[in-house]
Amino acid sequence: MQIKNSAVSMIIDASDQKELEEIKLQFLGRSGKFTLTLKNITKVPAEKRATIGKLANEVKDAIESTLEEKISSLKYQASDRRKQSIDITGPGIKPEIGHLHLITQAIEEVSEIFNHIGFTRVRYPEVEWDWYAFEALNFPQNHPARDDWETFFIKQTPDAKKGSVILTPHTSSGQIREMERKKTPPIRMLNIAKCYRRQSDVSHSPMFHQFEGLVVDKSISITHLKGTLDYFVKSYFGEDRKSRIRPYHFQFTEPSLEVDVTCGVCKGKGCKLCKEGWLELGGAGMVHPNVLKSGGINPKEYTGFAFGWGVERVLIMKEGIKIDDLRLLYSSNINFLEQF
Ligand code: PHE
């Protein structure tokens with residue numbers, strides 16, 4: 001009994017694991033106090049041995065269970081102390097803050113610029129009928145001008161009226177869809193969507209984005225188009241940039257134009273990045289009367305202009321040399337994306 005009491009009180013007072021190990025050895029070890037006492041049991045008269053044996057077992061159990069309890073309470077205290085050692089007044093770990101993808105940022109910026117002058121943002125299908133992407137835009141079936149659009153076709157039986165199913169190669173397919181939606185002008189549409197063409201090099205990827213403007217109303221002339229171009233160029237690229245128009249050809253506009261912007265590096269003087277001071281922005285023109293007719297609008301009553309430019313292209317023209325391969329935008333390369 002004495003052994004039990006002194007062992008238990010020593011265990012309770014112990015302050016660490018090491019001390020507990022020593023106490024355990026001192027009592028239960030091979031030459032420990034308890035072990036030795038047990039050995040002396042042979043000296044006890046035979047009739048008392050059973051009672052003494054039982055008592056000895058109780059003492060052993062008591063020492064062992066006290067030891068176990070103490071070990072777990074020491075462990076708990078240690079973890080509690082660790083918790084308390086966190087200095088809650090110290091500066092925290094800042095969570096990493098990401099940002100929208102460059103293309104998403106550019107789309108938002110372009111939308112906002114056109115929103116200011118009353119354009120409504122829409123988004124028309126990427127999987128489209130031949131009718132909307134070509135036929136209604138004044139491209140007769142098998143016309144060679146279609147080749148420039150390097151189109152992906154989807155294996156599906158063509159529709160009797162709308163033709164084959166394709167991945168739209170330009171946002172101009174939205175022109176007819178918008179005319180159908182609005183039925184009567186005025187129309188001021190900004191269609192921003194994904195487009196697809198069979199192409200891949202430093203300045204092209206098979207999937208890209210275009211933004212397409214369409215304005216149809218009474219007495220719309222080419223001066224409205226030029227004013228809109230200048231407004232966009234100055235808002236997006238900066239006040240010091242100028243735009244110019246050159247004659248071109250598209251099936252769905254007449255006259256058709258290509259729009260250039262002064263180079264951001266040399267500011268129009270001419271450098272190795274540009275063509276004598278100018279960078280090509282994209283196509284534009286006055287809506288062809290046949291296109292208005294396809295959209296159910298009377299070309300004798302209404303006129304319009306349209307433009308369609310690549311989101312990736314305007315972004316690269318703004319950022320310049322930092323994006324030397326357009327496909328990097330879709331590489332999910334975090335080192336590249338973190339620069340912006
Ligand atoms: N859809 C033409 C293209 O993909 C661009 C364009 C749009 C041209 C509207 C004129 C008018 O190149």
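Counting only residues that are under 31 Å from the mean Cα position of the chain (by Cα), within 17 Å of residue 284 (Cα to Cα) and hydroxyl-bearing (Ser, Thr, Tyr), region 229-243 holds 1 of them. If you go through region 131-167 and pick out every residue that is within 20 Å of residue 289 (Cα to Cα) and either open to solvent by 80 Å² or more (accessible area, probe 1.4 Å) or within 31 Å of the chain's Cα centre (by Cα) (or both), you end up with 3. Does at least one position in region 71-79 carry a residue that is open to solvent by 100 Å² or more (accessible area, probe 1.4 Å) and either among the β-branched types (Val, Ile, Thr) or part of a helix (DSSP H, G or I) (or both)? Yes, region 71-79 contains a residue that is open to solvent by 100 Å² or more (accessible area, probe 1.4 Å) and either among the β-branched types (Val, Ile, Thr) or part of a helix (DSSP H, G or I) (or both). Contact map, region 323-340: residues that are part of a loop (DSSP other than H, G, I, E, B) paired with residues that are among the aliphatic types (A, V, I, L, M), Cβ distance under 6 Å, separation 6+ or inter-chain. Pairs shown: 323/316; 325/202; 340/102. Within region 106-132, the residues that satisfy the criterion of being part of a helix (DSSP H, G or I) and either among the aliphatic types (A, V, I, L, M) or modelled with pLDDT under 95 (or both) are 106, 107, 110, 113. Check region 153-170 and report whether any residue there is in contact with a Lys or Arg (Cβ under 7 Å, 6 or more places away or on another chain) and either modelled with pLDDT of 95 or more or not hydroxyl-bearing (Ser, Thr, Tyr) (or both). So far as region 153-170 goes, yes, one or more of its residues are in contact with a Lys or Arg (Cβ under 7 Å, 6 or more places away or on another chain) and either modelled with pLDDT of 95 or more or not hydroxyl-bearing (Ser, Thr, Tyr) (or both).
For beta carbons closer than 6 Å, sequence separation of 6+ or different chains, a first residue in region 195-220 that is of a type in the set (A, V, I, L, M) and a second that is open to solvent by 20 Å² or more (accessible area, probe 1.4 Å), the qualifying pairs are 202/325; 207/194; 207/196; 215/188; 216/302; 220/303. For region 268-322, filtered to residues that are among the charged types (D, E, K, R) and farther than 29 Å from residue 205 by Cβ, the residue that is nearest to the ligand (Cβ to nearest atom) is 293. Within region 167-180, residues that are more than 13 Å from the ligand (Cβ to nearest atom) sit with their Cβ atoms under 6 Å from residues that are not aromatic (Phe, Trp, Tyr), at 6+ positions apart or across chains, in these pairs: 179/295; 179/297. For region 95-126, the set of residues classified as closer than 22 Å to residue 179 by Cα and surrounded by fewer than 12 Cβ atoms within 10 Å (Cβ to Cβ) consists of 116, 118, listed by residue number.
For the structure I just gave you, tell me whether residue 232 is hydrophobic (A, V, I, L, M, F, W, C), in a helix (DSSP H, G or I), within 16 Å of the ligand (Cβ to nearest atom) and touching a helix residue (DSSP H, G or I) at 6+ places or on another chain (Cβ under 7 Å).
On the way: hydrophobic (A, V, I, L, M, F, W, C): yes; in a helix (DSSP H, G or I): yes; within 16 Å of the ligand (Cβ to nearest atom): yes; touching a helix residue (DSSP H, G or I) at 6+ places or on another chain (Cβ under 7 Å): yes.
It is true that residue 232 is hydrophobic (A, V, I, L, M, F, W, C), in a helix (DSSP H, G or I), within 16 Å of the ligand (Cβ to nearest atom) and touching a helix residue (DSSP H, G or I) at 6+ places or on another chain (Cβ under 7 Å).
Every listed requirement among (1) aliphatic (A, V, I, L, M); (2) away from the ligand (no atom under 14 Å from the Cβ); (3) in a strand (DSSP E or B); (4) modelled with pLDDT of 95 or more is met by residue 214 save one, (2).
Any residue at all in region 21-43 that is over 30 Å from residue 316 (Cα atoms) and within 60 Å of the chain's Cα centre (by Cα)? Yes. Does residue 249 satisfy the criteria of being within 17 Å of residue 281 (Cα to Cα), open to solvent by 20 Å² or more (accessible area, probe 1.4 Å) and in contact with a Ser or Thr (Cβ under 9 Å, 6 or more places away or on another chain)? Criteria met by residue 249. Could you please let me know if residue 265 is surrounded by fewer than 18 Cβ atoms within 10 Å (Cβ to Cβ) and not small (Gly, Ala, Ser)? So residue 265 passes the test.
The values are calculated or read from the model by the stated rules, or taken from the named source; none is laboratory data. Everything numeric in this text was worked out from a predicted model, so none of it was measured. All Cβ positions, glycine included, derive from the backbone under ideal geometry; neighbour counts span all protein chains shown. The area values use the complete protein model at the heavy-atom level, side chains included, leaving out ligands, DNA and RNA. Shrake-Rupley method; radii C 1.70, N 1.55, O 1.52, S 1.80 Å.
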